[in-house]
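The values are calculated or read from the model by the stated rules, or taken from the named source; none is laboratory data. The model shown is predicted, which means the values in this text are computed figures rather than measured ones. Using ideal geometry, Cβ is built from the backbone for each residue, glycine included, and neighbour counts are taken over all protein chains shown.
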Amino acid sequence: MRLAKSWVISRKDFKAFRRKKNVLYTLLIFPIAISILLSAVLTVKQIPAAQLSSLLPAFAFFYVILAGVVPTAIASYTIVGEKVEKTLEPLLAAPVTDGEILLGKGISAFLPSILAIFGGSILFMVLADLATQNTFGYYYFPNVNTALTIFLMVPLATLMSVEWNVVVSGRVTDVRIAQQLGGLIVLPFALIYVLGEINVIPLNVTNNLLIISGILALIDVALFSLARETFQREEILTKWK
Amino acid sequence: MIDADGLTKKFGDLTAVDRLTLHVNEGEIFGLLGPNGAGKTTTVRMLCCLISKTGGSARIAGYDVGSEADSLKIRQLIGFVPDNVGLYDALTAYDNLDFYGRLYDVPDDRRNEKIRQLLEMLDLWEKKDVLVGTFSKGMRQKLALARAMIHEPRVLFFDEPTANLDPEAAKTVRDFILDLKKQKRTIFLNTHNLDEARRVCDKIGILNTSLRALGSPEELERNVGGRATVIVLEKLTDDVRVALKGLHVDMDIVENEVTIRLESPEKENPSILDAVFRAGGRVQSATIVGSTLEDAYIKLVRKEAVP
């Protein structure tokens, strides 16, 4: 696989995204809104330090859930969008392999999403530190568990969301259906969050975060294979109307 | 340059292209004519390695169309303009060409120059920084031609390149195709437009799932459409009428004008005219008329496929 070819496709998508305001807004609004909302909760009411210690990791895990949501806007558009705009045929006629196209599409959905989520999470950590410094007597963020959550689990979850959306968009013929089915990827992350909240999988335990990350990494590998397997150029060209 | 031998494509029980055999020489413009659903687009898609073939074989510049290993090489040496031009509306004209230039490995130092040359040639240089979404249909078609030429391919496939274009834009496209021929490029043109095919193609195939005829436009008009002798008489008498009926030929009579459809007028005219003279007919004129490509086309697409 030639990475340079995939990067050409990604660069083209980045240029197109810059002119698609709805994609840009979706990308930015969620992380910023969530960051402001979560920080606001911390400033509205004085929460005891013991309660904050379990609440803040849970809040940080919100960004893993966000990693399931944010790429959907771009990733579900990748293949279906090309087909809807009838740009896929000349692209498939160019000397690029299916794997290079999929990787390029994956990068173009992954990079803006992860940057937006990182931006949002940093904003949240700064605002949360300002809100909780008096309670703790020190800055809670950054710490090891949050670093694992944001810088390991969030990229893995983003990758999983991107790959799932690429799989879905390679199979359906409508952008809206692709987005609806693509959005289902958020369910496992929401489940982990709930299990964390009811203390079945405490999210402030480093080992738990590492195990979840390992499982996400395995799913990512499996999904990439599935995406390559399910991307049938002939079916896309002949069956989609 | 393009060879197909028994090329077949089936979608389940439906045969889209049946045992297509053709050969296109280097520098030739080949036109594939046929009604909607005849298999023209499927043929081009198979030759461009976009879809697989079900049977037969095909080669482009010696590379095997069915081979996974050769498909990237084939795609590198061909240019393709699909019926829906497939340009990125959210990108400028320049960015559209730049994207494909990079995909086709056109080196950085040559890419800018090539884009400029193509856009100038097609009167689009002034619009290079304009979003393609604002382009007219004719401008989009011209830009798609430029895109197909960005890597200077040896073989070009055009699927209905002038469909729904205004006459001026259609002429620009046709002139561009003729310019490519001068550059010795091989062109495979799918079209509905018989006049266009007549004007630009060296060779024409008429397809209706299977290939019904293959030859130069002149050959198809002559051999498939058939020809006729039109005899204008001073007066059509009953004796002449009886004499002509005695020849057992396919003819129409309108007043004093007799049109006789013949396989080979040059061979059959002397005996026909002899019969007319012997019946006392006085001939004002006798003319051989050819049929048009349209006559040949209609005759062929209506004809049942030869098993």
Worksheet item: residue A:107: surrounded by fewer than 21 Cβ atoms within 10 Å (Cβ to Cβ) and within 17 Å of residue A:11 (Cα to Cα), yes or no?
Response: yes
Discussion item. Given the criterion more than 19 Å from the chain's Cα centre (by Cα), surrounded by fewer than 19 Cβ atoms within 10 Å (Cβ to Cβ) and within 21 Å of residue A:78 (Cα to Cα), identify the matching residue among A:230, A:206.
Written reply: A:230
Practice prompt. Could you tell me whether residue A:38 is at pLDDT 85 or above and either surrounded by fewer than 21 Cβ atoms within 10 Å (Cβ to Cβ) or within 20 Å of residue A:150 (Cβ to Cβ) (or both)?
Written response: yes
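For every residue, the table says whether it meets (1) among the aliphatic types (A, V, I, L, M); (2) within 24 Å of residue B:53 (Cα to Cα); (3) assigned to a loop (DSSP other than H, G, I, E, B).
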site: B:148; (1), (2), (3): yes, yes, no
site: B:158; (1), (2), (3): no, yes, no
site: B:162; (1), (2), (3): no, no, yes
site: B:174; (1), (2), (3): no, no, no
site: B:181; (1), (2), (3): no, no, no
site: B:188; (1), (2), (3): no, yes, no
site: B:207; (1), (2), (3): yes, yes, no
Discussion item. Tell me which helices (runs of 4 or more DSSP H) are completely within the range A:20-99 and hold 1 or more residues being among the aliphatic types (A, V, I, L, M), under 30 Å from residue A:131 (Cα atoms) and within 13 Å of another protein chain (Cβ to nearest Cβ), or say none if there are none.
Written reply: A:21-44
Fill in: Any hit, the range B:1-17, residues being at the interface with chain A (Cβ under 8 Å from one of its Cβ atoms) and assigned to a strand (DSSP E or B)
yes
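Can we say residue B:89 is modelled with pLDDT of 95 or more, over 17 Å from residue B:188 (Cβ atoms) and within 9 Å of chain A (Cβ to nearest Cβ)?
So residue B:89 fails the test.
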Worksheet entry | Output for the range B:202-211, where each listed residue is under 12 Å from residue B:29 (Cα atoms) and either surrounded by fewer than 24 Cβ atoms within 10 Å (Cβ to Cβ) or at pLDDT below 90 (or both) | B:202, B:203
Worksheet entry | Restricting the range B:101-113 to residues that are in contact with a helix residue (DSSP H, G or I) (Cβ under 6 Å, 6 or more places away or on another chain) and within 8 Å of another protein chain (Cβ to nearest Cβ), the residue that is farthest from residue B:130 (Cα to Cα) | B:103
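This table checks each residue for (1) under 25 Å from residue B:182 (Cβ atoms); (2) more than 8 Å from chain A (Cβ to nearest Cβ).
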position	(1), (2)
B:62	yes, yes
B:99	no, no
B:115	yes, yes
B:125	yes, yes
B:128	no, yes
B:135	no, yes
B:140	yes, yes
B:147	yes, no
